[in-house]
Amino acid sequence: MPHLSCGLKNHRNKDMSPKQALALLRSDHDDGATVHRLERDAKAEIACEHNLKFMRRLPDESMSLIVTSPPYNIGKSYEKRTSQEKYVEDQAACIAEAVRLLAPNGSICWQVGNHVDSGEIFPLDILLYPLFKHHGLQLRNRIVWTFGHGLHCQKRFSGRHETILWFTKSEDYTFNLDPVRVPSKYPNKKHFKGPNKGELSSNPLGKNPSDVWDIPNVKSNHVEKTDHPCQFPIGLVERLVLALTNEGESVLDPYLGVGSSAIAALKHGRHAYGCDLDKAYVDIAWDRIHQLRAGTLRTRPMNKPVYDPNA
Ligand SMILES: C[S@@+](CC[C@H](N)C(=O)[O-])C[C@H]1O[C@@H](n2cnc3c(N)ncnc32)[C@H](O)[C@@H]1O
């Protein structure tokens with residue numbers, strides 16, 4: 001069993017098992033005393049810190065996947081609206097650090113929507129694409145993430161998709177299709193002529209999930225909902241973790257929020273790294289990680305079909 005190197009104030013014990021640490025954490029809660037968080041353990045390093053500061057401590061080429069969703073500069077509670085030039089400049093600094101940290105066979109997935117100004121939309125993937133190309137990264141997919149819920153617009157069509165730009169550092173990159181295959185539409189379909197006549201024509205493990213992903217976004221009645229206004233559905237990140245990394249490798253989210261990327265990584269035996277400026281979100285992230293480890297975290301299954309009231 002991995003042992004924790006704990007950052008628990010007043011309880012420093014390097015040889016504590018996760019179970020013991022969890023019990024200790026709970027006892028802190030039970031006492032009504034200050035809630036102490038584990039700052040770091042064998043598999044997760046998560047901090048309340050500016051991402052540039054956090055990333056600069058990590059070694060070159062140490063991350064197999066960097067997956068994130070930055071602020072969109074639209075005035076959400078966790079960001080300050082700024083000029084488009086300054087926004088792109090800040091993104092450029094974070095992306096440069098991400099490229100330094102990326103393993104030669106690794107992937108960067110930048111999940112974004114639109115910046116909106118006076119009713120005009122500016123798709124952030126278009127604005128940010130040149131920053132990745134500046135570092136020589138290669139775009140493998142522009143994944144369209146569609147979802148059913150959001151604002152009802154009056155003067156344009158309501159936005160129901162965002163995108164994930166998936167870049168690699170080289171042509172030799174990890175891509176595991178089998179763990180993320182989805183059920184085929186006609187699994188029993190057979191070849192009707194030729195040398196394979198009568199044999200199943202589709203892969204029994206299912207089909208490629210394609211580059212259009214219909215996954216419910218996390219709104220109030222979603223099982224994963226926390227206090228964060230814009231959290232990732234864990235299933236979306238799980239698909240990226242399983243396809244783009246191998247067990248034991250490291251996954252970083254430099255805009256971690258409430259830790260959805262870390263949970264997806266830990267759930268599948270990867271190491272999780274991440275940071276967020278907001279302590280309340282980092283506390284929720286740790287809380288969710290402890291729930292995951294205790295087997296009590298509720299998540300929406302990765303490939304669960306979207307509810308269709310007409311079906
Ligand atoms: C769109 S949210 C990401 C939510 C995350 N995907 C999740 O599932 O919870 C962006 C997050 O970036 C954080 N943030 C903004 N600027 C940051 C910075 N410079 N360093 C670290 N975190 C930052 C915000 O506090 C916010 O939680």
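Structure above, values below:
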| item | result |
| --- | --- |
| The one condition in (1) touching an Asp or Glu at 6+ places or on another chain (Cβ under 7 Å); (2) within 25 Å of residue 54 (Cα to Cα); (3) not basic (Lys, Arg) that residue 306 fails to fulfil | (2) |
| Test for residue 264: is it at pLDDT 95 or above, in a strand (DSSP E or B), of a type in the set (A, V, I, L, M, F, W, C) and more than 9 Å from the ligand (Cβ to nearest atom) | no |
| Yes/no for residue 149 being at pLDDT below 95 and not charged (D, E, K, R) | yes |
| Filter pass, residue 242 being within 22 Å of residue 183 (Cβ to Cβ), more than 15 Å from the ligand (Cβ to nearest atom) and either outside any loop (DSSP other than H, G, I, E, B) or charged (D, E, K, R) (or both) | yes |
| Answer residue from the range 232-263, given it is without any contact (Cβ under 8 Å) to a residue 40 or more places away in the chain and crowded, with 21+ Cβ neighbours inside 10 Å and is farthest from residue 77 (Cα to Cα) among those | 263 |
| Failed item in (1) within 16 Å of the ligand (Cβ to nearest atom); (2) without any contact (Cβ under 8 Å) to a residue 24 or more places away in the chain, with residue 215 passing the rest | (2) |
| Check on residue 156, exposed (fewer than 14 other Cβ atoms within 10 Å of the Cβ), in contact with a strand residue (DSSP E or B) (Cβ under 8 Å, 6 or more places away or on another chain) and over 20 Å from residue 108 (Cβ atoms) | yes |
| Residue that is farthest from the chain's Cα centre (by Cα), among those in the range 219-235 that are assigned to a loop (DSSP other than H, G, I, E, B) and closer than 16 Å to residue 164 by Cβ | 230 |
| Matching entry among 59, 70 (being near the ligand (Cβ under 10 Å from one of its atoms), modelled with pLDDT of 95 or more and out of contact with any helix residue (DSSP H, G or I) (no Cβ under 6 Å at 6 or more places or on another chain)) | 70 |
| Which numbered condition residue 255 misses (of (1) away from the ligand (no atom under 13 Å from the Cβ); (2) not in a helix (DSSP H, G or I)) | (1) |
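Yes/no per residue for (1) modelled with pLDDT of 95 or more; (2) in contact with a Leu (Cβ under 9 Å, 6 or more places away or on another chain); (3) within 20 Å of residue 230 (Cβ to Cβ):
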residue	(1), (2), (3)
107	yes, yes, no
116	no, no, yes
124	yes, no, yes
141	yes, yes, no
145	yes, yes, yes
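The values are calculated or read from the model by the stated rules, or taken from the named source; none is laboratory data. Keep in mind the model is a prediction, meaning the values are calculated, not measured. For neighbour counting, all protein chains shown are included, and Cβ atoms are generated from backbone atoms with ideal geometry for every residue, glycine included.
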